[in-house]
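Encoded as structure tokens, the structure appears first; notes follow it.
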Amino acid sequence: MQSTNESGKVEIAIQSLRNHVEELGTKATDLCQQHFELVMSENKLKSWDEKSVLFVQTRMRGNSLTANWYEIGWYGSKTAMTRRMTKRLIARQKGDYGYNMAVLLKLAQPWEIDMVQTIEPKLKEIRREVTLTSKAIILLKHAIKTE
């Protein structure tokens, strides 16, 4: 049986791990923002065929984080002002924390390839670290409950 002092230490450890997940979420969001800013600045100068169709987005929920890539599409008439954007989730590799780079690069425009090749490996590492940290939080919570 754990003492109250030991439970307090475990709670401090859990909070420290939660803070770490939040920091990783901030890093992932910053990486996504870098891609978004590049795309927005470049898309203004490009024709429809040369515009980026990639979009990466993070989402924090509790102790988990997702950083997903989407393929952007458009439907409707531009002249009738009924054009709408769609986002299609790009499937991530099973049993891995990252996306298949060949799939992403197939969708990427030549001017954004370097950015995608820089961002995705970093996001992959963040996804891995968040997953492991979340598991540690769950195990520590379980240890407190079993006292």
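The values are calculated or read from the model by the stated rules, or taken from the named source; none is laboratory data. This structure is a prediction, so every number in the text was calculated from the model and none was measured. A quick note on method: Cβ atoms are made from the backbone with ideal geometry, for glycine too, and the neighbour counts reach across all protein chains shown.
Among the listed residues Asn43, Asn5, identify the single one that is of a type outside the set (A, V, I, L, M), surrounded by 13 or more Cβ atoms within 10 Å (Cβ to Cβ) and either at pLDDT below 95 or under 17 Å from the mean Cα position of the chain (by Cα) (or both).
Working: Asn5 fails: surrounded by 13 or more Cβ atoms within 10 Å (Cβ to Cβ).
One residue alone meets the criteria, Asn43.
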If you go through Ile113, Ile137, the only one that is of a type outside the set (S, T, N, Q) and touching a residue at least 60 places away in the same chain (Cβ under 8 Å) is Ile137
Filter the range 81-128 for residues that are under 15 Å from Glu71 (Cβ atoms) and of a type in the set (S, T, N, Q); which is surrounded by the fewest Cβ atoms within 10 Å (Cβ to Cβ)? Thr86
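Identify, from the list Ala102, Ala91, Ala67, the residue that is among the aliphatic types (A, V, I, L, M) and more than 30 Å from His20 (Cα to Cα). Working first, answer last.
Working: Ala91 fails: more than 30 Å from His20 (Cα to Cα); Ala67 fails: more than 30 Å from His20 (Cα to Cα).
Of Ala102, Ala91, Ala67, the one residue that is among the aliphatic types (A, V, I, L, M) and more than 30 Å from His20 (Cα to Cα) is Ala102.
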For Leu17, indicate whether it is surrounded by 13 or more Cβ atoms within 10 Å (Cβ to Cβ), under 18 Å from Pro121 (Cβ atoms) and at pLDDT 95 or above. no
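Of the residues that make up the range 51-58, is at least one over 30 Å from Ile137 (Cβ atoms), assigned to a loop (DSSP other than H, G, I, E, B) and at pLDDT 90 or above?
Scanning the range 51-58, I find at least one residue that is over 30 Å from Ile137 (Cβ atoms), assigned to a loop (DSSP other than H, G, I, E, B) and at pLDDT 90 or above, so the answer is yes.
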